[in-house]
1. If I model a spin label at L142 and M76 as a point 7 Å from the Cα along the Cα→Cβ vector, what separation in nanometres do I get?
2. With an 8 Å cut-off on Cα pairs and a minimum separation of 6 or more residues, tell me the relative contact order of the chain in percent.
3. Please work out the Kirkwood hydrodynamic radius for the chain, using every pair of different C-alpha atoms, and report it in angstroms with one decimal place.
4. Please work out whether region 17-99 counts as rounded, prolate or oblate from its C-alpha gyration tensor, where a ≥ b ≥ c are the square roots of the eigenvalues and a/c under 1.5 means rounded, while otherwise a/b larger than b/c means prolate and anything else oblate?
5. Cut-off 10 angstrom, C-alpha nodes, Gaussian network model of the chain. Which of E62, E93, E44 fluctuates the most?
6. Would you please classify the overall shape of region 102-142 from the alpha carbon gyration tensor, given that a ≥ b ≥ c denote the square roots of the eigenvalues, rounded means a/c under 1.5, and beyond that prolate means a/b larger than b/c while oblate covers the rest?
7. Springs between alpha-carbon pairs under 10 angstrom, Gaussian network model over the chain: which of S114, S89, S21 fluctuates most?
8. Based on the alpha-carbon gyration tensor of region 81-132 and its eigenvalue square roots a ≥ b ≥ c, which shape applies: rounded if a/c is under 1.5, prolate if not and a/b is larger than b/c, or oblate?
Amino acid sequence: YMNDIEILREINQNSKMGMDSLTTILKKVTDEDFKDLLNTQHNEYQNIYDRTQELLVKNNAEMKDTPSMQKAMSWMGIQLNTANDSSNSKLSELIIQGNDMGVIKGTKLLNNYSFMNKEIKNILSDFVRLQEKNIDDLKQYL
């Protein structure tokens with residue numbers, strides 16, 4: 001069982017992880033169109049992150065950063081998965097997998113916590129839609 005603040009923190013951490021992952025991946029991208037798309041996605045994650053930060057502050061809730069170990073594992077996973085192949089296709093595949101996990105997690109929250117605060121529900125819905133759009137936009141690079 002999660003309360004509104006925990007759901008908000010979950011969205012906050014996942015949007016931060018999306019930004020961090022894209023920052024790592026962007027260092028490997030040379031294609032300008034692909035880079036533009038990933039920068040746009042990064043900005044969208046930033047928007048969700050800012051909205052959650054604002055609500056956490058408004059509710060006097062302490063913010064929790066993504067655990068260091070999780071960040072390190074994510075970074076290492078990206079490095080290992082792109083060591084021999086950092087093509088647009090491989091990078092898209094990694095990002096799609098991350099977005100897919102986010103869609104599943106977000107949809108489960110929406111389905112199981114229908115009583116959540118309307119503003120939080122709107123942010124979560126936007127976050128799920130963003131990740132679905134990211135997946136669709138990246139398919140052309142596979």
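The numbers here are math on the coordinates, done by the rules we state, and not lab data. Note that the coordinates shown come from a computational prediction; the quantities given were computed from them, not determined experimentally. Cβ placement follows ideal geometry from the backbone for every residue including glycine, while neighbour counts extend to all protein chains displayed.
1. A separation of 2.9 nm, rounded to one decimal place.
2. After rounding, I find 33 percent.
3. 15.6 Å
4. Verdict is oblate for region 17-99.
5. Top of the fluctuation ranking is E62.
6. prolate
7. S114
8. Prolate is the answer for region 81-132, as a/c is 1.5 or above and a/b outweighs b/c.
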